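Since the structure comes first, as structure tokens, the remarks are kept for the end.
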Amino acid sequence: MCDSKLSLGVQNVSEENRREPTAETVRIAERLHKLRRQRGVSQLDVCERLGITQSMMSRYENGSRRIPSELLLQFAKIIGVSSDEILGLKPIQQRSQPELSDEMKALWQKFQQVSKLQENDQRAVIRLINSVAKAKLRAS
């Protein structure tokens, strides 16, 4: 017989998401946000790859929603970290940055300029880059 408190039915998950976030939930969310930004992965890119809305991603990163375990593994893969790093079970590994060529430095400066644009303009630039990258992949 199954203990009803251990059941992970929809009603219990829904009830869990209505509860105030715990301090640990907030710490995990902060680490997810920090790691995503450190690795240069946009929130929009994560959302597109996972098929979730940006508002849901924001809730995961601000700790107002718990991260489902199956998404935690996908977040880790997309960001390029271990799930243990997101959970705080292992220290965050500092990855050394390779030396950038002059061309890459110029591109990085352009991306920094894009980061100062309004959010809808940033999304338009990202969509443009994604469409060019997809076209190049299809062509090769």
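No lab work stands behind these numbers, since they all come straight from the coordinates. Model, not experiment: these values are computed from the prediction. Cβ placement follows ideal geometry from the backbone for every residue including glycine, while neighbour counts extend to all protein chains displayed.
What the phi angles of the stretch 42-54 give under the Karplus curve with 6.51, -1.76 and 1.60, with θ = phi - 60°, is a coupling list of 6, 4, 4, 4, 4, 4, 5, 6, 9, x, 10, 7, 5 Hz, glycine and proline written as x. The modelled label-to-label distance between Ile92 and Arg123, using points 7 Å beyond Cα along the C-beta direction, is 2.7 nm. What's the long-distance tail for the stretch 96-140, i.e. % of Cα pairs beyond 14 Å? Counting every Cα pair in the stretch 96-140, those more than 14 Å apart make up 63 percent. Karplus-derived 3J(HN,Hα) values for the stretch 122-131, using 6.51 cos²θ - 1.76 cosθ + 1.60 with θ = phi - 60°, are 4, 4, 4, 5, 5, 4, 4, 4, 4, 5 Hz; glycine and proline are entered as x. Label positions at Ser140 and Arg19, each projected 7 Å from the Cα along the C-beta direction, are separated by 4.8 nm. Roughly how many whole Å is it from the C-alpha centroid of the stretch 60-137 to that of the stretch 34-49? Between the Cα centres of the stretch 60-137 and the stretch 34-49 lies a distance of 3 Å. The distance between label points at Ser42 and Asn130 comes to 0.8 nm (points 7 Å beyond Cα on the Cα→Cβ vector).
Scalar couplings 3J(HN,Hα) for the stretch 29-37, obtained by applying the Karplus form with A = 6.51, B = -1.76, C = 1.60 to θ = phi - 60°, are 4, 5, 5, 4, 4, 4, 5, 4, 5 Hz; x denotes Gly and Pro.
Here the stretch 15-128 yields Rg over Rh of 1.01, to two decimals, using C-alpha coordinates and the Kirkwood radius.
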